[in-house]
Amino acid sequence: QVQLVESGGGLVQAGGSLRLSCAASDRTFSNYAMGWFRQAPGKEREFVSGISRSGGITSYADSVKGRFAISRDNTKNTAYLQMNSLKPEDTAVYYCAARLATMATMGPANYHYWGQGTQVTVSS
């Protein structure tokens with residue numbers, strides 16, 4: 001059982017930046033591809049970004065491409081999501097998820113473990 005704990009959310013003005021962290025309890029963190037998802041009120045959970053086990057392959061939703069950057073440090077069992085040029089439409093609860101596989105995917109059903117989420121609010 002892998003426990004994931006997100007941190008780094010908060011309230012920021014449009015154009016600002018936040019860095020989310022996702023700390024994993026499992027020392028086999030490097031066995032998992034990681035994904036970041038978000039869910040706004042009244043909307044379905046959507047894929048934001050994913051990173052492969054080694055960190056060498058990343059993917060992004062079109063809506064965040066060029067503004068967000070995903071990374072991981074397998075020595076610290078932690079994944080990150082750097083969010084720049086934030087927009088009010090980025091407001092959501094952000095979740096990290098772990099998938100026991102080499103590659104991340106866009107489908108939430110493909111992930112085995114989830115964090116509790118962290119709120120990101122972007123004011124206009």
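The values are calculated or read from the model by the stated rules, or taken from the named source; none is laboratory data. The shown structure was predicted, so the numbers you read here are calculated from the model rather than taken from an experiment. Note that each Cβ is placed from the backbone with ideal geometry, even for glycine, and that neighbours are counted across all protein chains shown. SASA here: full protein model, heavy atoms, side chains in, ligands and nucleic acids out. Shrake-Rupley method; radii C 1.70, N 1.55, O 1.52, S 1.80 Å.
Remarks
- Each Cα pair under 8 Å and six or more residues apart adds its sequence gap; the mean of these over the residue count of the chain is a relative contact order of 37 percent.
- Charging the Cβ of each Asp and Glu at -1 and of each Lys and Arg at +1, and nothing else, the dipole of the chain about its Cα centre rounds to 200 debye.
- Phi to ³J(HN,Hα) by Karplus 6.51 cos²θ - 1.76 cosθ + 1.60 over segment 7-15, Hz, x for Gly, Pro: 8, x, x, x, 9, 9, 7, 4, x
- Accessible area of the chain belonging to carbon and sulfur atoms, whole % at 1.4 Å probe: 48
- For segment 105-120, backbone phi angles converted through the Karplus equation (6.51, -1.76, 1.60; θ = phi - 60°) give residue-by-residue couplings of 10, 8, x, x, 5, 8, 9, 8, 9, 9, x, 8, x, 9, 7, 10 Hz, Gly and Pro being listed as x.
- Sequentially through segment 74-90, phi angles give Karplus couplings (6.51, -1.76, 1.60; θ = phi - 60°) of 5, 6, 10, 6, 9, 10, 10, 9, 8, 10, 10, 6, 5, 10, x, 6, 7 Hz, Gly and Pro residues having no value and appearing as x.
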